[in-house]
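The values are calculated or read from the model by the stated rules, or taken from the named source; none is laboratory data. Bear in mind the structure is a predicted one, so any value in this text is a computation, not a measurement. Don't worry about glycine lacking a Cβ; one is built from the backbone with ideal geometry, like all the others, and counts go over all protein chains shown.
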Amino acid sequence: MKSELTTISAVTREYFSACSQHPKFNSAHEGWAIIKEELDELWEEVRKKKISRSKELMEKEAIQIAAMAIRFIVDVCLDPT
């Protein structure tokens, strides 16, 4: 069973990976759209019948959502401009 610290570490790695591969969010609208895209990907898995769902894929998408939420805070809410 994974621990909370393992999950937080996975979110942190995803956040820094995304930051190194993609420029910062240009606007709140862009950040929202990216979070929504990740949320839609999670929803695609959640809406499957329980027997067909992948917990690993749901975890992956949830980690991406968490990382993008942090990125939204950093790029949009904490940006002094």
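Points worth noting:
- The single condition from (1) part of a helix (DSSP H, G or I); (2) basic (Lys, Arg); (3) over 15 Å from the mean Cα position of the chain (by Cα) that ARG13 fails is (3).
Conditions tested, residue by residue: (1) of a type outside the set (D, E, K, R); (2) part of a loop (DSSP other than H, G, I, E, B); (3) modelled with pLDDT under 95.
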{"position": "SER20", "(1), (2), (3)": "yes, no, no"}
{"position": "ASN26", "(1), (2), (3)": "yes, yes, yes"}
{"position": "HIS29", "(1), (2), (3)": "yes, no, no"}
{"position": "LEU57", "(1), (2), (3)": "yes, no, no"}
{"position": "ALA62", "(1), (2), (3)": "yes, no, no"}
{"position": "ALA67", "(1), (2), (3)": "yes, no, no"}
{"position": "ASP79", "(1), (2), (3)": "no, yes, yes"}
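- Some residue of segment 36-57 being under 21 Å from ASP79 (Cβ atoms) and surrounded by 15 or more Cβ atoms within 10 Å (Cβ to Cβ): yes
- Some residue of segment 29-49 being in contact with a helix residue (DSSP H, G or I) (Cβ under 9 Å, 6 or more places away or on another chain), free of Cβ contacts under 8 Å to residues at least 40 places away in the same chain and small (Gly, Ala, Ser): no
- Residues of segment 16-28 classified as under 20 Å from CYS77 (Cβ atoms) and either within 15 Å of the chain's Cα centre (by Cα) or in contact (Cβ under 8 Å) with a residue 40 or more places away in the chain (or both), total: 8
- Tally of residues being in contact (Cβ under 8 Å) with a residue 12 or more places away in the chain and basic (Lys, Arg) across segment 57-81: 1
- When the criteria are applied in full, LYS48 fails the requirement of being assigned to a helix (DSSP H, G or I) and basic (Lys, Arg).
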